[in-house]
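To start, the structure itself, in structure tokens.
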Amino acid sequence: MKSVTAAMITSALMLSACSGNTTSPYNPFTWFSAGEEEGVIVTDTNGNQIIINDPRVLVSHTLSLTADDTNGGVIIRAVGLPPTQGYFKAGLFALNEEKPVDGVLTYEFRVAAPLTQQPVSTQQSREIYTGHFISNERLQGVREIRVNAANNTRTLRP
């Protein structure tokens, strides 16, 4: 029994030593990863090309956008509608390094597509929710918060 415990402790210590090397096949933190994420190239309103390292797609529609005041900032909440069920990992992706451009702070409502074909079903079953905290420091000079989807844009004033 002591030798089994000693072997387990030795194995755990050896594997934990691999955690600093992110390319090692012996690193347990890399065992279940899907590999490198590819970037998406988009063009901003000024015609500049930007590489976005987020493989998620834009949600079809943003149904609602609200802001709730909190200590130190606001929480913006968005409800999106993807084309089918099964979309996941929703989030608001900040453009322009989360800095306002002409007083407008812009986000993209992004979701990960399902891995297999999914049914369309009802609108309520497809709705996906996300939120994002914006500090008071980031809100300095912001007149409008904009959330872009594939087919529409929602705005609010903080």
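As I understand it, the dipole of region 56-100 uses +1 on the Cβ of Lys and Arg and -1 on the Cβ of Asp and Glu, about the Cα centre. Which of 78, 90, 65 lies farthest toward its positive end?
Toward the positive end, the furthest listed residue is 90.
Please work out the average accessible area per residue across region 41-101, using the 1.4 Å probe convention, and give it in Å².
Using a 1.4 Å probe on heavy atoms only, each residue of region 41-101 averages 57 Å².
Tell me the label-point distance for the pair residue 85, residue 118, using the 7 Å Cα-to-Cβ offset, in nm and rounded to one decimal.
Calculated label separation equals 0.9 nm.
Taking R0 as 30 Å, what's the FRET efficiency between residue 125 and residue 54 from their Cβ-Cβ distance, rounded to 0.05?
With R0 = 30 Å, the Cβ-Cβ based efficiency is 0.75.
On a full-extension model of 0.36 nm per residue, what is the gain between residue 136 and residue 104, subtracting their alpha-carbon distance, rounded to one decimal in nm?
Gain on stretching residue 136 to residue 104: 10.1 nm.
Kindly state, to the nearest 0.05, the FRET efficiency for residue 67 paired with residue 5, given R0 = 41 Å and r defined as their beta-carbon distance.
That gives a FRET efficiency of 0.15.
Report, to the nearest whole %, how much of the accessible area of region 107-158 belongs to carbon and sulfur atoms, 1.4 Å probe, protein only.
43
Semi-axes, largest first, in whole Å: what does sqrt of 5 times each Cα gyration tensor eigenvalue give for region 50-94?
Computed over region 50-94, the values are 22, 16, 9 Å.
Rg and Dmax of region 70-149, using alpha carbons, in Å: what are they?
Expressed in Å, the Cα Rg and Dmax of region 70-149 come to 14.7, 44.
The values are calculated or read from the model by the stated rules, or taken from the named source; none is laboratory data. Remember, predicted model here, so these are calculated numbers, not experimental data. All Cβ positions, glycine included, derive from the backbone under ideal geometry; neighbour counts span all protein chains shown. In case anyone asks, the SASA skips ligands and DNA or RNA and just uses the protein heavy atoms, side chains included. Shrake-Rupley method; radii C 1.70, N 1.55, O 1.52, S 1.80 Å.
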